[in-house]
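J.: The structure is given below, and queries will be raised subsequently.
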């Protein structure tokens with residue numbers, strides 16, 4: 001979105017990574033994640049190499065480490081799952097720190113942790129260097145079904161409007177002395193949610209009317225022609241290509 | 001010149017009933033000449049919105065015809081009709097559905113096939129005409145209500161319409177935004193049909209008014225005369241704000 005009103009994951013900047021066309025970045029991240037996932041979990045040095053690659057991208061994008069690490073926290077629930085694995089998995093066991101751990105589970109935990117972290121880090125970097133609506137242009141360019149892109153872009157546009165409506169309804173409820181204190185009040189909340197749904201549905205109809213009035217026939221007109229040069233493609237794909245080399249080495253060594 | 005060829009909008013014996021049987025229009029006739037600014041007045045439920053939705057063929061299937069600059073509204077020329085009739089809806093949040101102001105203003109012309117530099121120039125010109133050029137890359141949600149209303153006008157101007165149809169343009173505007181919008185509308189060189197029950201606003205902007213009541217045109221004449229006709233006003237539930245006397249207000253300034 002525009003200056004000063006970006007989504008929270010985006011970090012405004014003018015780095016070479018910011019300047020890449022969105023669809024090249026999307027393709028690069030997707031390819032990178034696929035390569036990482038298909039690396040054998042025993043090749044621990046390969047994951048370190050991937051981390052170094054991402055570090056290089058973050059450096060080129062001028063995204064500070066603190067910013068990146070803070071946003072990695074979203075991964076925590078998955079980490080909890082990974083930590084459980086060594087305790088519950090079957091098979092050969094080892095003793096460490098007085099605990100009996102499954103070898104298979106340890107490898108599994110490492111696998112989830114390493115691949116998950118790398119994937120999330122790559123996505124965070126993508127989100128930090130690409131604006132939301134640019135991402136949508138990129139998806140459109142990558143031939144994602146246009147209906148899905150339209151739905152996503154309406155979510156971006158109307159998310160705030162609907163949150164606002166929700167806030168007004170809450171204020172109206174509270175102004176009349178309502179406080180959600182327990183299960184007895186859930187009925188009121190459910191009715192509010194229903195009313196919000198109907199209001200949003202009606203807004204949808206009015207928006208559709210406005211779109212049809214301006215010549216909408218089912219496909220969004222192309223406003224921005226996002227084209228990528230060969231150099232930009234090769235720049236973006238340098239990341240997954242380097243990762244692929246590491247991956248192949250991981251399989252052969 | 002032949003008056004038929006210069007009319008922006010001709011509506012003749014238009015009647016319409018909704019599928020549930022409720023009849024909203026009972027034979028509406030009027031003509032708006034090119035460059036005229038006309039107010040369509042009427043109480044709630046008079047059929048104003050139904051009439052507006054006929055002008056660009058959203059609603060069809062009733063009796064009678066609508067012609068825009070000589071072209072009849074019908075299935076065959078719908079794309080051209082929608083380019084020629086620019087409707088500005090009441091809630092700008094419904095009208096502005098794209099993530100940024102620029103993309104929203106570009107939507108209409110892009111749907112009509114405009115591209116590249118030509119499209120960009122069209123967007124810039126439309127935003128300049130409403131004084132919103134510096135807000136081009138902002139998301140609509142972060143503009144004030146008055147600014148959003150002005151952008152909504154720009155989205156329609158970008159299509160270079162034959163006639164601009166405004167649904168309650170002054171609703172929810174503070175007095176300053178209201179005046180700014182009036183200045184903008186006065187400066188535009190297009191035919192305007194303004195649907196409103198803001199009678200002072202109609203008097204300020206539109207030399208001529210139509211009164212739509214119970215699905216027919218009940219009166220058609222100079223706005224000042226209609227508003228001064230107490231019997232007519234009472235008969236159609238039109239009320240002036242407290243203390244407002246249309247006879248004491250100078251005639252609206254000529255188009256300039």
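J.: Among the numbered criteria (1) under 28 Å from residue A:139 (Cβ atoms); (2) within 14 Å of chain B (Cβ to nearest Cβ), which single criterion is violated by residue A:244?
T.: Looking at each condition in turn, residue A:244 falls short on (2).
J.: Tell me which of these residue A:248 doesn't satisfy, since it passes every other one: (1) touching a helix residue (DSSP H, G or I) at 6+ places or on another chain (Cβ under 7 Å); (2) assigned to a helix (DSSP H, G or I); (3) without any contact (Cβ under 8 Å) to a residue 12 or more places away in the chain.
T.: (1) is the only condition that residue A:248 fails.
J.: Separate question: Of the residues that make up segment A:49-71, is at least one in a loop (DSSP other than H, G, I, E, B), within 14 Å of chain B (Cβ to nearest Cβ) and either buried (at least 17 other Cβ atoms within 10 Å of the Cβ) or without any contact (Cβ under 8 Å) to a residue 24 or more places away in the chain (or both)?
T.: no
J.: Scan the helices (runs of 4 or more DSSP H) fully inside segment B:75-127 and keep the ones with 2 or more residues being within 7 Å of chain A (Cβ to nearest Cβ) and in contact with a helix residue (DSSP H, G or I) (Cβ under 7 Å, 6 or more places away or on another chain).
T.: In segment B:75-127, the matching helices (runs of 4 or more DSSP H) lie at B:92-95, B:101-111.
J.: For segment A:90-113, which residues satisfy the criterion of being touching a helix residue (DSSP H, G or I) at 6+ places or on another chain (Cβ under 7 Å) and modelled with pLDDT of 75 or more?
T.: Matches in segment A:90-113: A:94, A:101, A:102, A:105, A:106, A:108, A:109, A:112, A:113.
J.: Is it the case, given these coordinates, that residue B:189 is surrounded by fewer than 17 Cβ atoms within 10 Å (Cβ to Cβ), under 20 Å from residue B:26 (Cβ atoms) and within 21 Å of the chain's Cα centre (by Cα)?
T.: Spelling it out, it is not the case that residue B:189 is surrounded by fewer than 17 Cβ atoms within 10 Å (Cβ to Cβ), under 20 Å from residue B:26 (Cβ atoms) and within 21 Å of the chain's Cα centre (by Cα).
J.: If we keep just the residues of segment A:102-155 that are in contact with a strand residue (DSSP E or B) (Cβ under 8 Å, 6 or more places away or on another chain) and surrounded by fewer than 18 Cβ atoms within 10 Å (Cβ to Cβ), which is farthest from residue A:35 (Cα to Cα)?
T.: Taking the candidates together, the pick is A:103.
J.: Out of everything in segment B:128-151 that is assigned to a helix (DSSP H, G or I) and within 12 Å of another protein chain (Cβ to nearest Cβ), what residue ends up being surrounded by the fewest Cβ atoms within 10 Å (Cβ to Cβ)?
T.: B:134
J.: Across segment A:196-227, what is the total count of residues that are facing chain B (nearest Cβ under 9 Å), surrounded by 14 or more Cβ atoms within 10 Å (Cβ to Cβ) and at pLDDT below 85?
T.: The total comes to 5.
J.: May I pose another question? If I filter segment B:51-68 for residues that are part of a helix (DSSP H, G or I), crowded, with 24+ Cβ neighbours inside 10 Å and facing chain A (nearest Cβ under 8 Å), do I get at least one hit?
T.: no
The values are calculated or read from the model by the stated rules, or taken from the named source; none is laboratory data. The structure displayed is predicted, hence computed values, not measured ones. For neighbour counting, all protein chains shown are included, and Cβ atoms are generated from backbone atoms with ideal geometry for every residue, glycine included.
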